[in-house]
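Any read-out appearing in this document is the output of simple, stated calculations on the displayed coordinates, not a laboratory observation. Worth saying up front: this structure is predicted, and the values here are computed from it rather than measured. Positions of Cβ are generated from backbone atoms using ideal geometry, with glycine treated the same way; all protein chains shown enter the neighbour counts.
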Amino acid sequence: MEQRIGSSSQPLKGEPVTGAGFDPAFIPGLTPPATEEPEDTGPEDAEAEAAETAEAEAVAGAEDAVEEPATDGDEEEAPEGPVFEASDRRARIVADHRGVRLFLDDQECEFRWDEIGAVETESPRFGKRFTITVHTPERRWYPIEIEAPARSRFSEWETQLDAVLDAYFEDEAEDEAKSDVKTDAEDTD
């Protein structure tokens, strides 16, 4: 249940709205008291508001028309390969050929495979929260917890994530190791 902070009482109609009890930004002597918004005075206001609304809808419609083809062109063809995706009501993680993407409420972050130092998973002994932590080479980590519908999903998710990491993450590390071996061999020649 959500709780609201602060007073829930509102001034009565016709009473002046003054003081910090009703306006937290009110500082006596520095800021004027908040005034009540004027009621619609006539048809001019209604016409102006209708014109603004129509203009805003036209702009939004034009933006939607422009965005639709752009999203088709932005999508690159996904190569055949494993994809890991897990989500609950607040959080979501996607790991595929592009990297790892974490979503929590309205926040999101994306890591390409070359930006990732390690990916760690943790299954709790009790409870149903599966934790995935993405570590970067700059010694930062980004954990996300996903509530599983059942504890049996933990092993499923571990297997799917391991398949993705084996397919994409290990290839990057092996390529770097091979290039290091080649440069060492060239230096000794």
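Remarks
- Ranked packing of 89-95, 112-118, 141-147, most packed first, by mean Cβ within 10 Å: 89-95, 141-147, 112-118
- Label-to-label distance for residue 152 and residue 123 is 1.3 nm, based on points extended 7 Å past Cα in the beta-carbon direction.
- For the pair residue 90 and residue 167, the difference between a 0.36 nm per residue extended length and the Cα-Cα distance amounts to 25.0 nm.
- Gained length - residue 140 relative to residue 103, 0.36 nm times residue gap less alpha-carbon distance: 11.6 nm
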